[in-house]
Amino acid sequence: GWELMGAKVFDPTAGTLKELVAEIENSDYANFIITSESFSLIGPQSIHRLASEVTAFSVKILVYLRRQDQFMQSVWSEVTKKGNNSESFTNWSRSMQNDSKVNYEQLIQNWGVSFGRENIIVRPFESIQLHGHIYHDFLQTCGIPGFEDFPFPAKSNVSPSFTTLELIRAII
């Protein structure tokens with residue numbers, strides 16, 4: 001994902017898209033799961049580049065979408081706790097209203113143009129609509145048998161409380 005984004009954190013010594021494709025082509029396995037949160041941040045040209053690299057494969061795109069207000073709160077929380085935001089949620093969210101990251105229709109259309117809309121699987125990122133936990137929902141949606149027996153991964157990236165975030169904002 002970082003390579004496709006052109007992100008500064010991308011380290012080609014950790015592997016490139018071309019190397020990943022070559023590894024898949026030389027593998028005896030029939031199916032692969034490639035996941036990256038940053039895939040949601042790449043634009044149409046990078047999506048097309050990815051699609052052109054994997055034309056030899058049958059690709060399904062699985063995307064989890066949360067309510068936009070919850071998504072924006074999560075992003076605001078992330079940028080605030082990293083010290084990259086001093087705006088209140090209200091002011092910050094106004095600037096996000098037209099951001100492509102919350103325009104889910106455009107996001108899905110961008111991927112559909114390169115991979116075909118029929119190859120995009122949209123799942124809600126709401127616990128009430130998932131098959132149990134998101135981890136199990138992901139495995140079931142990918143067709144992994146026996147997913148019920150897989151242990152839950154440890155919780156990570158838990159958002160701090162609103163009070164903590166306000167304190168961080170006050171400090172920066």
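Please identify the longest segment of the chain free of exposed trypsin sites (Lys or Arg not before Pro), where exposed means a DSSP state other than H, G, I, E or B and no more than 16 other Cβ atoms within 10 Å.
Details: sites that count: LYS8, LYS60, ARG66, ARG67, LYS82, LYS155.
So the longest stretch without any such site is 83-154.
Among all the lysines, which ones have a C-alpha under 22 Å from LYS8's C-alpha, if same-chain residues fewer than 8 places away are not counted?
Those lysines meeting the cut-off are LYS18, LYS81, LYS82, LYS101.
For helix 44-53, report the angle its Cα long axis makes with the longest principal axis of the Cα atoms of the chain; keep it between 0 and 90° and round to the nearest 10°.
Orientation of helix 44-53: about 30 degrees from the principal axis.
Which label belongs to the value computed from this structure, given these candidates for P(r) over Cα pairs in 5 Å bins from 0, in percent: (i) 1, 9, 19, 24, 22, 15, 7, 2, 0; (ii) 1, 7, 13, 16, 18, 18, 14, 8, 4, 1, 0; (iii) 1, 7, 13, 15, 13, 11, 8, 8, 7, 6, 5, 3, 1, 0?
Looking at P(r) over Cα pairs in 5 Å bins from 0, in percent for this model, the match is (ii).
Exposed loop chymotrypsin sites (Phe, Trp or Tyr not before Pro) only (DSSP loop, at most 12 other Cβ atoms within 10 Å): please give the longest stretch of the chain free of them, not including the sites.
Numbers: sites that count: TYR29, PHE32, PHE57.
Longest stretch, sites excluded: 58-172.
When all protein chains stay in place, what accessible area (Å², nearest 10, 1.4 Å probe) is found for SER100?
80
Quick one: helix 104-115 against the long Cα principal axis of the chain, what's the angle to the nearest 10°, folded into 0 to 90?
It works out to around 20 degrees.
Name the residues whose placed amide hydrogens come within less than 5 Å of the amide hydrogen of LEU65, ignoring near sequence neighbours (fewer than 5 apart) on the same chain.
When sequence neighbours closer than 5 places are left aside, the close amide H contacts are ARG123, PHE125.
Towards the positive end of the charge dipole of the chain, with charges on Cβ (+1 Lys, Arg; -1 Asp, Glu), say which of SER159, GLN70, ASN98 has the farthest Cα.
ASN98
To the nearest Å, what is the center-to-center distance of the range 11-26 and the range 35-90, using C-alpha atoms only?
Their Cα centres are 22 Å away from one another.
The values are calculated or read from the model by the stated rules, or taken from the named source; none is laboratory data. Because the structure is predicted, anything quoted here is derived from the model rather than measured. FYI the Cβ positions are ideal-geometry reconstructions off the backbone, even for glycines, and counts take in every protein chain you see. Areas reflect the complete protein model, heavy atoms only, side chains present, ligands, DNA and RNA absent. Shrake-Rupley method; radii C 1.70, N 1.55, O 1.52, S 1.80 Å.
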